[in-house]
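Note sheet for the following structure.
The values are calculated or read from the model by the stated rules, or taken from the named source; none is laboratory data. Predicted model only: the values in this text are computed from it and were never measured. Here Cβ is always computed from backbone atoms with ideal geometry, including for glycine, and neighbour counts include all displayed protein chains. Each accessible area value is taken on the protein alone, full model and side chains, heavy atoms only, with ligands, DNA and RNA left out. Shrake-Rupley method; radii C 1.70, N 1.55, O 1.52, S 1.80 Å.
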Amino acid sequence: MKSIATAKGLLIDLDGTLYHGHVRIEGADRFIGYLRSNGIPYLYVTNNSSATPEEVASRLVGMGIPAEAEDVCTSAQAAAGHIAETSPGASVFVIGESGLCTALLDAGLHLTEKEPDYVVQGIDRQLTYERAARAVTFIRGGAGSILTNPDLLLPTAGGFMPGAGSIGAMLQAASGVKPTLIGKPSDILMNYALGRLGTLADETWVIGDNVATDIAAGIAAGCGTMLLLTGLTNADNMEHYIEAAGCKPDSICQSLDQLIAELGRRS
């Protein structure tokens, strides 16, 4: 049976794993402190495409969780890397926010408002019908369609709002083209993160609270998987989510302190 104690690197989810909204989950600071003290390589891996790594790191530090921009791997960075590897210097029409635009520019891609090689779409809370229509026209005209992440809903203080996946569903329905998915549960984000971390899939573990995204992505990439019962999944609904996702984690921990104990079994 696989043991996380043998892991040479970790890919760690954020929301529901280390924090809820703006509130740190119990033990998150101790967990990251343990990894740092013991020299265990890790990356924070998030489906969020709206924030830059600097902004994500700042948010974590504000909650008392150690973080630097280079510790963060976003779906925006993975999308930019995927396009840059496939089509260096390609032109891109963006439906998204600053984090996505910055990642695309950093990868040497060119943002354009006409005749793009790709339409890249993430969450866009200022989306207009006119821009959605232009995106559909470009995709129907042959531009590649890239979706940063499939999340249909985003939690807010007042409930939920449509996520990037909801916008993507509209564009797919109108264009008739299924986009290339970058974020979890796709292995594209995981493989990008593995390249950044410098570890092999079979010696790396993915840690997260969502079976359908975190665990499924880890399995798709060939990583070990640890389900934390700290967020979406808990002891009461665990079996439901495992059955619904059609996959199961290699291991399960009730808390981050229990995870620290499991890592402490390293020889």
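Overview of values
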read-out	value
Identity of the residue in the stretch 232-246, part of a loop (DSSP other than H, G, I, E, B), over 21 Å from Leu14 (Cβ atoms) and not aliphatic (A, V, I, L, M), that ends up least open to solvent (accessible area, probe 1.4 Å)	Gly246
Residue in the stretch 188-205 that is polar (S, T, N, Q), part of a loop (DSSP other than H, G, I, E, B) and open to solvent by 30 Å² or more (accessible area, probe 1.4 Å) present	no
Single residue of the stretch 127-169 satisfying the filter (within 19 Å of Asp187 (Cα to Cα), among the aliphatic types (A, V, I, L, M) and in contact with a Leu (Cβ under 8 Å, 6 or more places away or on another chain)) that is modelled with the highest pLDDT	Leu147
Top-ranked residue of the stretch 141-173 - restricted to ones that are in contact with a strand residue (DSSP E or B) (Cβ under 6 Å, 6 or more places away or on another chain) and open to solvent by 60 Å² or more (accessible area, probe 1.4 Å), ranked as nearest to Leu111 (Cα to Cα)	Leu153
Verdict on Leu229 being open to solvent by 10 Å² or more (accessible area, probe 1.4 Å) and closer than 23 Å to Arg24 by Cβ	yes
Given (1) more than 13 Å from the chain's Cα centre (by Cα); (2) outside any strand (DSSP E or B); (3) crowded, with 19+ Cβ neighbours inside 10 Å, number of the condition Asp214 does not satisfy	(1)
Verdict on Thr199 being among the β-branched types (Val, Ile, Thr), modelled with pLDDT of 95 or more and closer than 22 Å to Leu14 by Cβ	yes
Condition broken by Ser49, with the remaining ones in (1) open to solvent by 10 Å² or more (accessible area, probe 1.4 Å); (2) of a type outside the set (A, V, I, L, M); (3) closer than 16 Å to Ser75 by Cβ; (4) in contact with a helix residue (DSSP H, G or I) (Cβ under 7 Å, 6 or more places away or on another chain) satisfied	(1)
Residue, nearest to the chain's Cα centre (by Cα), within the stretch 119-140, restricted to residues that are small (Gly, Ala, Ser) and surrounded by 13 or more Cβ atoms within 10 Å (Cβ to Cβ)	Gly122
Residue within the stretch 19-42 that is charged (D, E, K, R), under 16 Å from the mean Cα position of the chain (by Cα) and within 20 Å of Ala193 (Cβ to Cβ) present	no
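Table: residues versus (1) within 16 Å of Ser75 (Cα to Cα); (2) touching a His at 6+ places or on another chain (Cβ under 6 Å); (3) not in a helix (DSSP H, G or I).
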position	(1), (2), (3)
Cys101	yes, no, no
Ala135	no, no, no
Ser145	yes, no, yes
Gln172	no, no, no
